[in-house]
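**Student:** Handing you a structure now.
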Amino acid sequence: MKIDRHNLKILEVLQTNARISNLNLADEIGLSESACLARVKKLTSEKFIREFQAEVNLDKVRHAEFYVNVALKRQDSKTSESFRRAINKIEQIVSCVKMSGEFDYMLRFVCPDAGDFNRVSEQLLADEDAAITRMTSHLVIEKTKPFTGYPLELLFQE
């Protein structure tokens, strides 16, 4: 599927306002409603749009957010799979990315408070299946530049 200027604009609008009506989206893009809807369906079926979801405003609830660097004991597929199973059991871990460099993974924890983070992270360290040798944690103090969408024009440049 080719991402032309209309498809790019649809993606740009939807990543910041997934609740926009098809009529308003069509007006903003400069297409008919049916053409716009067909493009959104095609972008979704081709997996350019993974899902539509709401972002909960965590500032409205008690929470503590931590980014945690993790180094594993070994760099093999069995250890990585065991680690993935261990972290998938922990609901406070809301995302995980595999990294290059000194650490193997970066986890994002969202907990009710620092005490809960301490309890959960100690359990994770004690879990032999997680195979963690080292962990460093960083408490989020302020979201200085919150996520507001990907720079799609840059990413789709030829």
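Taken together, the values in this text are just the output of simple stated rules run on the coordinates, not laboratory data. Quantities reported herein were computed from a predicted structural model and do not represent experimental measurements. Positions of Cβ are backbone-derived with ideal geometry, glycine not excepted, and every protein chain shown enters the neighbour counts.
**Student:** Could you list which residues have their amide H under 5 Å from that of Arg134, counting only those 5 or more apart in sequence or on another chain, with H placed in the peptide plane?
**Tutor:** Ala71
**Student:** Then there is this: Tell me which lysines have Cα within less than 25 Å of Lys145's Cα, excluding those fewer than 8 residues away on the same chain?
**Tutor:** Candidates past the 8-residue exclusion: Lys9, Lys60, Lys98.
**Student:** So how strong a dipole does the stretch 91-136 carry about its Cα centre when Lys and Arg Cβ are +1 and Asp and Glu Cβ are -1, to the nearest 20 debye?
**Tutor:** 200
**Student:** Moving on. For the stretch 32-158, which semi-axes, largest first and in whole Å, follow from the square roots of 5 times the eigenvalues of its Cα gyration tensor?
**Tutor:** 33, 20, 15
**Student:** Separate question: What value in Å³ per residue do you get for the convex hull of the alpha-carbon atoms in the stretch 1-97?
**Tutor:** Convex hull volume per residue, Cα atoms: 164 Å³.
**Student:** With +1 on each Lys and Arg Cβ and -1 on each Asp and Glu Cβ, how big is the dipole of the chain about its Cα centre, in debye rounded to the nearest 20?
**Tutor:** I would put it at about 300 debye.
**Student:** With a ≥ b ≥ c the root eigenvalues of the C-alpha gyration tensor of the stretch 98-158, is it rounded (a/c under 1.5), prolate (a/b larger than b/c) or oblate?
**Tutor:** oblate
**Student:** Just to confirm a number: summing +1 for Lys and Arg and -1 for Asp and Glu over residues other than Leu14 whose beta-carbon lies under 12 angstrom from that of Leu14, what do you get?
**Tutor:** Surrounding charge for Leu14 is +1.
**Student:** Here is a follow-up. Considering amide H positions built from the backbone, and no H for Pro or chain starts, which residues 5 or more places from Val140, or on another chain, come under 5 Å of its amide H?
**Tutor:** For Val140, the qualifying residues are Glu65, Phe66, Tyr67.
**Student:** Could you pull out the trypsin sites (Lys or Arg not before Pro) across the stretch 100-158 that fall in loop regions by DSSP (anything but H, G, I, E, B) with no more than 13 other Cβ atoms inside 10 Å?
**Tutor:** When the trypsin sites (Lys or Arg not before Pro) of the stretch 100-158 are filtered for loop state and at most 13 Cβ neighbours within 10 Å, Lys143 remain.
**Student:** Taking 1 over the mean of 1/r across every pair of different Cα atoms in the stretch 50-120, what Kirkwood radius in Å do you get?
**Tutor:** Every distinct Cα pair counted, the radius reaches 13.7 Å.
**Student:** Choose one of Thr136, Gln92, Ala126: the residue whose Cα lies farthest towards the positive end of the charge dipole of the stretch 28-158 (beta-carbon charges +1 Lys, Arg; -1 Asp, Glu; about the Cα centre).
**Tutor:** Final value for the positive-end residue is Ala126.
**Student:** Further question on the same structure: Find the Cα radius of gyration of the stretch 89-130, compare it with 2.2 N^0.38 Å by division, and give the number to two decimals.
**Tutor:** Cα Rg divided by the expected 2.2 N^0.38 Å: 1.21.
**Student:** Moving to a separate point now. Kindly write out, for the stretch 134-141 in residue order, the coupling ³J(HN,Hα) from the Karplus curve 6.51 cos²θ - 1.76 cosθ + 1.60 (θ = phi - 60°), rounded to whole Hz, with x marking Gly and Pro.
**Tutor:** Values per residue, Gly and Pro as x: 8, 9, 10, 10, 9, 7, 6, 8 Hz.
**Student:** According to the Kirkwood expression over distinct Cα-Cα pairs, how big is the hydrodynamic radius of the stretch 1-44, in Å?
**Tutor:** On the way: mean 1/r = 0.0988 Å⁻¹.
Evaluated over the stretch 1-44, this radius sits at 10.1 Å.
**Student:** Just going by the charge dipole of the stretch 45-144, with Lys and Arg at +1 and Asp and Glu at -1 on Cβ, which of Asn69, Thr79, Tyr105 is farthest out on the positive end?
**Tutor:** Value: Thr79.
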